[in-house]
1. Subtract the Cα-Cα distance of residue 55 and residue 36 from 0.36 nm times their separation in residues, and report this length gain in nm to one decimal.
2. Could you check which residue among 51, 28, 16 shows the biggest mean-square fluctuation in a GNM of the chain with a 10 Å Cα cutoff?
3. Between residue 21 and residue 9, what is the label-to-label distance in nm when each label sits 7 Å out along the Cα-to-Cβ direction?
4. Can you sort 62, 73 so the residue with the fewest Cβ neighbours within 10 Å comes first?
5. Counting only other residues whose beta carbon sits under 13 Å from that of residue 20, what net charge do I get with K and R as +1, D and E as -1?
6. Any idea what the dipole of the chain comes to, in debye rounded to 20, about its Cα centre with Lys/Arg Cβ at +1 and Asp/Glu Cβ at -1?
7. Tilt of helix 3-15 relative to the longest C-alpha principal axis of the chain, in degrees (0 to 90, nearest 10)?
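Values quoted throughout were computed directly from the atomic coordinates according to the rules given, and no laboratory measurement underlies them. Predicted model only: the values in this text are computed from it and were never measured. We place every Cβ from the backbone using ideal geometry, glycine too, and count neighbours over all the protein chains shown.
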Amino acid sequence: MTDLLKRALEEAARVLPSDEQDELARWLFEEFSGEAKWQVLFSNSKSHTLLERLAAEAIEEDRGGQTKKLDTDDL
């Protein structure tokens, strides 16, 4: 464990009530289990090829002027 992560967790343990500590722990577990699922999904060669094809299509559409800038105020 890095010093920074250790300090962050110690600080969370110091300042957060128990229920919020548990919520943070659940969130961390969900984040990492989700990340592992994505890594497995994209390690599959078919998924990787599909992602590359979709990325290439998006780049071509952008170069062809078929995209517009995302306005975060509209989200």
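1. Details: separation 19, 0.36 × 19 = 6.84 nm, distance 2.17 nm.
Gain on extension, residue 55 to residue 36, equals 4.7 nm.
2. Answer for the Gaussian network model of the chain: 16.
3. 1.2
4. Details: 62 11, 73 5.
The order, fewest Cβ neighbours first, is 73, 62.
5. Details: positive: 14, 26; negative: 11, 19, 22, 23.
With Lys, Arg at +1 and Asp, Glu at -1, the net is -2.
6. Details: 10 positive and 18 negative charges, 80 e Å.
With only Lys, Arg, Asp and Glu charged at Cβ, the dipole is about 380 debye.
7. With both axes taken from Cα atoms, the answer is about 60 degrees.
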